[in-house]
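Participant: This is the structure I want to talk about, given as structure tokens.
The values are calculated or read from the model by the stated rules, or taken from the named source; none is laboratory data. This one's a predicted model, so the numbers in the text were calculated from it and none came from an experiment. In this analysis, Cβ positions are derived from the backbone assuming ideal geometry, glycine residues included, and neighbour counts consider all displayed protein chains.
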Amino acid sequence: MASAEGNLTWLPASDHPDLVAPPVAVGLAGVTDVQVARIDPTLADTAAFCAAYDVDPASSANCVVVEGRRGDLTTRAAVMVLATDRADVNRVVRKHLGVRKISFADQAVAEELTGMQQGGITPIGLPGDWPILVDRAVAAAGPVVIGAGVRGAKLLLPGAHLAGLPGAMTLDLVLH
């Protein structure tokens with residue numbers, strides 16, 4: 001039966017900074033309730049990951065990087081929703097960020113600005129001025145699997161931990 005832990009071997013993330021991107025390792029410094037597991041990088045995308053490792057999609061949260069503009073001002077943010085849901089980027093996220101135009105950030109730009117790999121970008125270790133928008137279902141989900149900043153690993157942590165990150169806000173983000 002699928003679960004948050006799936007069939008992975010979870011280890012304390014604080015003991016394995018080599019399994020996460022450098023900014024994620026910095027963001028996890030002193031944090032004890034986060035675990036990490038090595039995965040096949042070709043299976044990092046959510047559907048393939050959940051199927052291969054018997055992880056419940058309702059226990060997997062995706063991080064999408066968005067970029068909004070109002071005049072000359074550009075705002076980037078991380079949006080966290082469960083893998084079973086879709087974020088309402090065009091209405092809810094755009095309105096919350098106070099931008100006129102919004103889109104998903106360019107992959108190369110997102111990788112450069114975060115120091116993380118696409119398919120592994122996570123809210124832990126993001127630039128400090130980026131808002132982190134966490135859907136209420138993620139915050140209430142119990143243990144969730146998220147990216148580790150690299151495609152070859154995943155993190156397991158309480159969803160509430162994401163809501164407690166610096167710059168994080170919990171909102172109703174799901175497209176209905």
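Participant: Is it true that residue 47 is modelled with pLDDT under 95 and surrounded by fewer than 17 Cβ atoms within 10 Å (Cβ to Cβ)?
Facilitator: Yes: the conditions hold for residue 47.
Participant: Here are some residues: 56, 72. Which one is surrounded by fewer than 21 Cβ atoms within 10 Å (Cβ to Cβ) and touching a residue at least 40 places away in the same chain (Cβ under 8 Å)?
Facilitator: None of the others qualify; the one that does is 56.
Participant: Shifting gears a bit: If I ask for residues that are surrounded by 13 or more Cβ atoms within 10 Å (Cβ to Cβ) and either under 17 Å from the mean Cα position of the chain (by Cα) or among the hydrophobic types (A, V, I, L, M, F, W, C) (or both), which ones from segment 15-32 would you list?
Facilitator: Residues satisfying the conditions are 19, 20, 21, 22, 23, 24, 25, 26, 27, 28, 31.
Participant: Okay, moving on. Tell me which strands (runs of 3 or more DSSP E) are completely within segment 1-82 and hold 3 or more residues being closer than 22 Å to residue 131 by Cβ, or say none if there are none.
Facilitator: The qualifying strands (runs of 3 or more DSSP E) are 61-70, 73-82.
Participant: Could you tell me whether segment 89-104 includes any residue that is closer than 19 Å to residue 130 by Cβ and free of Cβ contacts under 8 Å to residues at least 12 places away in the same chain?
Facilitator: yes
Participant: Yes or no: residue 102 under 16 Å from residue 57 (Cα atoms) and in a strand (DSSP E or B)?
Facilitator: No, not satisfied.
Participant: Next question. For the subset of segment 31-44 comprising residues that are among the charged types (D, E, K, R) and at pLDDT 95 or above, which member is nearest to residue 15 (Cα to Cα)?
Facilitator: Ranking the candidates gives 38 first.
Participant: Further, regarding this structure: Suppose we filter 116, 80 for residues that are in contact with a strand residue (DSSP E or B) (Cβ under 6 Å, 6 or more places away or on another chain), modelled with pLDDT of 95 or more and under 28 Å from residue 7 (Cβ atoms); which single one remains?
Facilitator: Answer to the selection: 80.
Participant: Take segment 105-123 and flag every residue that is assigned to a loop (DSSP other than H, G, I, E, B) and in contact (Cβ under 8 Å) with a residue 60 or more places away in the chain.
Facilitator: Once the filter is applied, which keeps residues that are assigned to a loop (DSSP other than H, G, I, E, B) and in contact (Cβ under 8 Å) with a residue 60 or more places away in the chain, segment 105-123 yields 115, 116, 117, 119, 120, 122, 123.
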